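> Below you will find the structure I want to go over with you.
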Amino acid sequence: ASDFFTDEWKQNNCSVDSFALFVKMVNFGKKLMANQVQEWERYYINYNLMKKMVEQFVQQMQQGRKDRHHVLKEFSKMLDDQIEKTVLFFLEQQGILACRIQELDEQQTKLLEHPDISEISELREAYAAAGHDLLRLLRFLDLNATGIRKILKKFDKCFGYKFTDYYLSTRSNHPYSQLQQVFKHVGIAAVVGALSRKLADLQEHQGSYLSIYDQPSTTLTVKDPVIHLIHASVHKLTHSTNFLQYLGQHALIVQEDASSSEEDQVDDKRYNFTSLLLNLANTYLYMVNTYIIVPTADHYSMHLGAAATVCGVIIGSMAVAQVFSSVYFSAWSNRSYFKPLVFSSIVLFLGNTLYALAYDLDSLTILLIGRLLCGMGSVRAVNRRYISDCVPLKIRMQASAGFVSASALGMACGPALAGLLQTNFKIYALTINQDTLSGWVMSFAWLAYLICLWISFKEPIHDNKVKHLSPDVDAGIMEVEALESGLVHPLLQSCEHKQHEDGDEECNDREEASEDSHKPATSVASAYRLLTPSAKVLLLIYFMLKYVIEILISESSVITSYYFGWSTSSVAAFLAILGLTVLPVNAIVGSYISNMFEDRQILLGSEILVFLGVIMSFQFTNSYVVPQYVCSALITFVAAEVLEGVNLSLLSRVMSSRLARGTYNGGLLSTEAGTLARVVADGTITLAGYLGENKLLNVTLFPSLFICIVSILCTFVTYNSLF
């Protein structure tokens, strides 16, 4: 077991970073004590004891009084005992609840034979009381599960991120696993379902449905608020999702927990519906701008005297500029949202104008400058930040889904629009054809957008103050909000930590270190150092899927023209169909698949499908036919889209909360990884073009295959930590 620890103990591993965790643990310890059900007090995990034991293990290791083997053995046994105590009590209470519901069911059966309104009302109150007890039990489980996660994270921080891998691999996958009871609450779903059905059966005006089992879950309406709270708590424990939540995961947008009605009022003051629509319109137009040139880029480059494969440079130049623009726009959004959007619109107007003029100027340089300017106008960091900061929590998930939907729609409409712009005429000295018209159309679109932005956008008030929970908030409301919050673990955890009075003497002499440990990263390098091995693997997977998609899309016009003789309209239609698969696939995964399998299982399965899609894309014989290309492209693209959503969902659980704020945040790291992948992919296409179009396909697929294999191997290595 000691092999799961690093060979050398480095004292600074448990300095500032681990103390940041320690402060959070002190705060959680207070939260655990405050939210405990008093009569169940002795059945909760002894969080404070485990916290102190971790600190003692650190000191004993440093002083040489204990070796790694004994530390692992003692801590594992202590954690096993704590989990066993919690699980046995949970199972006992679960059985008691099941018996109560069974007794109430027998009463209901008798009552239906001789209905009595007063007795029905009493029975319903009895069911509601059972529901509240079930809610307490789920809250009990949630607090213990959170405590286990936090203590494992603390131990990992001090001992090289190895203990969680060992503990989860030996416990959660064991046939007699008690962790499955804590994290997956095996069997509780039957109790929840029975209670929901009984309460629904007592509702009046149930429509034409015979039972809730005949009624679609998406339309099920149970009036009793306790059922809403129960389902919210169950969703939180299982990390299950729905379509809107799944789309929100794609957006890399903070889904902070609600802390008070006061915070909602602040959000409402900053929120403006028209401004949100303009923000989403910017997202849509930028994605159209990105992909509208893909079907014609090879033809345009050949007209300017370059090889068809230079289309990789033309398409990728926009991504090159975006690597840098993402950083300065992320910093700019700390002060304003309106000014970055205005600047972006102007730059994109100029960039598209230069792109269109390059044809008559016969200059590849002007064309590339135009595309670089378009990349410098990428404000996706501002788009995300606006939704995260200025949209009220109650509709933030819908806004996040709107962001992803606008991106997907723009991705599909870009190539489709290029297919419609098949014309050729002159206006004075300006040539209007399939190569230039995309630039002119986008120039006028950005000009119209700029006018609407100037007239209608309302700059929200920037407020970076920490919001405190009002002390007179009713305890019952606090409980409801605590249960409703956090249905999806955010990719960027809330950075607004509430300030607690010092309740632990160990914190008093390290206040300065605590402040430093909560500061955001000040550079890409410092942000990278905050990443766990699991987070690094997930960013590698993100790089891989963006690389594979970019290779597929960017070289599609050259490949299909060379092998199949497709026209620009055919390529545009093919790319539009690929883009239109995004929302239906996400709907299926978000509504069904994500509720049937764990995220890490979907992650690995999607990676394997991407691998198979890449393998199928290779030209193995002299003949290369349309069905092979289309089928392999669909498998690769769809699998990559599924992989992106689940990958970002897992990132939400392994990223440091210090990456939630500042310029160099977790969202920026993910965006930079994806953008860098696009740059490398487009560069690969151009370099491979020097070997000839007949070798382009296989040469560009080899790097995709290699990166895919590496990502799958890394996933296997860190699989047990993706929990």
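The values are calculated or read from the model by the stated rules, or taken from the named source; none is laboratory data. Keep in mind the model is a prediction, meaning the values are calculated, not measured. Don't worry about glycine lacking a Cβ; one is built from the backbone with ideal geometry, like all the others, and counts go over all protein chains shown. Surface accessibility is based on the protein's heavy atoms, side chains included, excluding ligands, DNA and RNA. Shrake-Rupley method; radii C 1.70, N 1.55, O 1.52, S 1.80 Å.
> Between residue 454 and residue 35, what length comes free when the chain is fully extended (0.36 nm per residue of separation minus the Cα-Cα distance, one decimal in nm)?
Working: separation 419, 0.36 × 419 = 150.84 nm, distance 4.91 nm.
Taking 0.36 nm per residue and subtracting the Cα distance, the gain is 145.9 nm.
> Could you compute the FRET efficiency for residue 526 and residue 102, with r as their C-beta to C-beta distance and R0 at 51 Å, rounded to 0.05? Kindly include the intermediate steps, with their values, before the conclusion.
Numbers: r = 57 Å, r/R0 = 1.12.
Approximately 0.35, to the nearest 0.05.
> May I pose another question? Let me check something: with ligands and nucleic acids excluded, how do 461, 549, 451, 608 order by accessible area (1.4 Å probe), largest to smallest?
Values: 461 130, 549 10, 451 95, 608 70 Å².
From most accessible down to least: 461, 451, 608, 549.
> Largest first, please: the extent of the C-alpha atoms of the range 37-122 along each principal axis, to the nearest Å.
Cα spread of the range 37-122 along its principal axes, largest to smallest: 76, 21, 12 Å.
> OK, next. Which length gain, in nm to one decimal place, applies between residue 129 and residue 626 when the Cα-Cα distance is subtracted from 0.36 nm times their residue separation? Can you show the working numbers first?
On the way: separation 497, 0.36 × 497 = 178.92 nm, distance 6.27 nm.
So the chain would gain 172.6 nm between residue 129 and residue 626.
> Let me know the Kirkwood hydrodynamic radius for the range 298-411, please, with Cα pairs as the basis and the value in Å to one decimal. Write down the numbers at each step before the final one.
Numbers: mean 1/r = 0.0647 Å⁻¹.
After inverting the mean inverse Cα-Cα distance, the result is 15.5 Å.
> R0 = 25 Å: FRET efficiency of residue 109 with residue 190, Cβ-based, nearest 0.05?
Details: r = 19 Å, r/R0 = 0.75.
For residue 109 and residue 190, the calculated efficiency is 0.85.
> What does the accessible area of residue 149 come to, in Å² to the nearest 10, when a probe of 1.4 Å is used?
Rounded to the nearest 10, that gives 80 Å².
> What whole-number distance in Å separates the alpha-carbon centres of the range 68-128 and the range 274-331?
The range 68-128 and the range 274-331 have Cα centres spaced 56 Å from each other.
> So if I restrict to the alpha-carbon atoms in the range 548-620, what is the Rg, and what is Dmax, the biggest pairwise distance, in Å?
15.3, 43
> Take the solvent-accessible surface of the protein heavy atoms, probe 1.4 Å, and return the percent of it on the range 522-608 that carbon and sulfur atoms account for. Before the final figure, lay out the partial values.
Working: 2100 of 3160 Å².
Carbon-and-sulfur percentage of accessible area, whole number: 67.
> Continuing with this model, one more query. What span do the alpha-carbon atoms of the range 526-571 cover on each of the three principal axes, reported in whole Å from largest to smallest?
Projected onto its principal axes, the Cα set of the range 526-571 covers 49, 15, 12 Å.
> Within the range 325-345, which residues have the backbone N less than 16 Å from the label spot 7 Å out from residue 447 along Cα→beta-carbon, could you tell me?
345
> Still on this structure, I have one more. With every protein chain left in place, what is the accessible area per residue of the range 548-641 in square angstrom, probe 1.4 Å? Before the final figure, lay out the partial values.
Values: 3650 Å² over 94 residues.
Spelled out: the 1.4 Å probe surface of the range 548-641, per residue, equals 39 Å².
> Projecting each Cα onto the charge dipole of the range 573-723 (Lys/Arg +1, Asp/Glu -1 at the beta carbon, about the Cα centre), which of 691, 574, 680 comes out farthest on the positive side?
Positive-end residue among those listed: 680.
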